[in-house]
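Student: Before I ask anything, here is the structure I am working with.
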Amino acid sequence: MAGFDKIAERFTRSIARGTSRRSLLATLGMGMTGAAVFPVLPVARASTHPGGVAHPPVTSGVAQDPGDRTTCDYWRYCAIDGFLCTCCGGTVNTCPPGTEMSPITWIGTCTNPADKRAYIISYNDCCGASSCGQCLCNRNEGDRPQVRTQSNNDYNWCLGTESSIYNCSTAVIVGVALDQPQ
């Protein structure tokens with residue numbers, strides 16, 4: 001340890017002999033000015049999507065199912081919390097290859113803007129591969145407290161599968177919601 005101390009002392013003294021306080025302050029000032037200017041330099045942005053990965057729009061092509069399935073604004077995603085399977089190699093109804101759909105789900109009721117009807121949506125997590133990390137959506141419309149687990153999206157729903165590792169979430173239509181009595 002004494003050898004290290006001697007080397008450090010020699011190095012520090014040689015720097016002190018070769019520089020003045022003014023030159024050190026001038027160098028630090030230039031470095032701080034350069035660091036402040038760096039964030040305003042132009043940068044090419046590859047995507048406007050979160051996560052920096054560009055995804056071409058994925059639509060159903062059917063007028064009764066409008067919207068881009070790779071964005072959080074898609075009507076079926078009104079109560080979703082997680083990565084969209086449409087950005088991870090799956091679809092709105094199916095899991096990506098190498099993952100398995102959890103049989104245990106949470107549900108939400110979303111209104112289709114095309115026909116103005118409410119649909120019951122089953123949000124199934126796809127499990128078995130590491131998290132996709134693309135197209136994260138956290139919409140909590142109709143989310144209920146955790147005491148009502150079937151209507152809460154804050155759990156890892158990879159139960160009943162071989163692996164509890166979460167990958168992404170699907171939004172499967174399971175039925176039409178009944179109209180509320182007037």
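The values are calculated or read from the model by the stated rules, or taken from the named source; none is laboratory data. Treat the numbers as computed from the prediction; the structure is a model and nothing was measured. Here the Cβ is made from the backbone with ideal geometry for all residues, glycine too, and neighbour counts use every protein chain on show.
Student: Taking the condition of being within 16 Å of I173 (Cβ to Cβ) and of a type outside the set (G, A, S), how many residues in the stretch 65-94 meet it?
Tutor: 16
Student: Inside the stretch 36-89, can you point out the residues that are closer than 19 Å to I121 by Cα, at pLDDT below 85 and hydroxyl-bearing (S, T, Y)?
Tutor: Answer for the stretch 36-89, where residues must be closer than 19 Å to I121 by Cα, at pLDDT below 85 and hydroxyl-bearing (S, T, Y): T59, S60.
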